[in-house]
1. Can you compute the helix-only [θ] at 222 nm over the chain? Use -39500 (n - 2.57) per DSSP H run of at least 4 residues, normalise by all residues, nearest 500 deg cm²/dmol.
2. Ignoring ligands, DNA and RNA, please state the percent of accessible area on the stretch 1-52 from carbon and sulfur, probe 1.4 Å.
3. Would you work out what percent of the accessible area of the stretch 101-214, with all protein chains in place, is carbon or sulfur (probe 1.4 Å)?
4. For the stretch 3-213, what is the percent of antiparallel DSSP beta bridges, rounded to the nearest 5?
5. Checking the a/c ratio against 1.5 first, then a/b against b/c, what shape does the Cα gyration tensor give for the stretch 1-85?
6. What whole-number value in Å² describes the accessible area per residue of the stretch 79-192 for a 1.4 Å probe?
7. As a quick test, which of the pairs Lys146/Lys213; Lys60/Lys150; Lys105/Lys150; Lys60/Lys105; Lys2/Lys150; Lys146/Lys184 have an alpha carbon distance above 27 angstrom in this structure?
8. Per-residue HN-Hα couplings for the stretch 40-50, Karplus 6.51 cos²θ - 1.76 cosθ + 1.60 at θ = phi - 60°, whole Hz, x for Gly and Pro?
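The values are calculated or read from the model by the stated rules, or taken from the named source; none is laboratory data. Note that the structure is a prediction, hence the values are computed from the model and not measured. Quick reminder, even Gly has a Cβ in these numbers, built from the backbone with ideal geometry, and neighbours come from all protein chains shown. Each accessible area value is taken on the protein alone, full model and side chains, heavy atoms only, with ligands, DNA and RNA left out. Shrake-Rupley method; radii C 1.70, N 1.55, O 1.52, S 1.80 Å.
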Amino acid sequence: MKLIAPSLLAADFLNLGNACNMINNSCADWLHLDIMDGIFVPNISFGFPVMEAIAPVCRKPLDVHLMITHPEKYAQRFCDAGAYSVGFHLEAVENPDETLQIIRKRGVHTCLTINPDIDVERLRPHISKVDMVLLMSVFAGYGGQKFIEKTYDRIYQLRNIMNQEGFHPMIEIDGGVNTNNAAKLFDAGADILVAGTAVFGAENPDQIIRMMKQ
Ligand code: DX5
Ligand code: ZN
């Protein structure tokens with residue numbers, strides 16, 4: 001699969017309606033929503049009011065990326081606000097099962113995420129329980145960072161683990177994705193690429209999304 005999920009974090013926040021229209025009319029597959037709490041990551045982005053305003057307008061599936069502590073407290077509300085998928089960080093919880101269950105119970109797709117410094121092996125016990133795994137290709141917290149090259153090796157490592165375990169959740173990559181690395185990431189085995197700056201910073205976002213898919 002070759003899907004592109006533009007990240008709203010890089011949109012013009014004075015004109016979120018325009019951003020949604022652009023996404024609706026583009027060949028973007030999903031819209032990625034970065035939720036930050038200022039505790040798990042050193043930044044605060046946006047939360048329920050923004051998501052609730054966007055959900056009725058956006059015709060693309062909403063891919064929620066929680067960069068928060070205690071995702072078990074908030075996951076249900078993001079599901080109810082219209083999420084297609086809800087992901088949270090493995091390193092933010094002691095045991096992901098409770099949060100995964102909350103998300104699954106609402107009929108929403110589950111995703112487990114890890115930062116670039118977390119051993120991919122730590123995902124192994126959870127591969128069978130999730131719809132998607134998100135490997136961060138920058139440290140969570142900010143848009144516009146430089147892509148970390150060792151991500152390719154981490155994708156191969158993750159695919160090995162998936163083959164050994166016999167489960168194949170989708171692989172999502174997030175951070176510093178652009179037209180220079182998209183093809184290589186898909187070739188390495190990524191299914192979904194998140195791109196903020198590369199899409200919303202472009203003069204012609206739809207063209208950039210198309211180029212990333214090719
Ligand atoms: C980083 C976020 C990313 C970010 C991607 O914490 O999870 O989704 O918005 O932005 P770019 O594509 O600019 O790196
Ligand atoms: Zn993200």
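1. My calculation for the chain gives -9500 deg cm²/dmol from helical runs alone.
2. 58
3. Looking at the stretch 101-214 in its full context, I get 45 percent from C and S.
4. About 5 percent, rounded to the nearest 5.
5. In terms of gyration-tensor shape, prolate.
6. Accessible area per residue: 44 Å².
7. Distance filter (> 27 Å) returns Lys60/Lys150; Lys105/Lys150.
8. 5, 10, x, 7, 10, 10, 8, x, 4, x, 5
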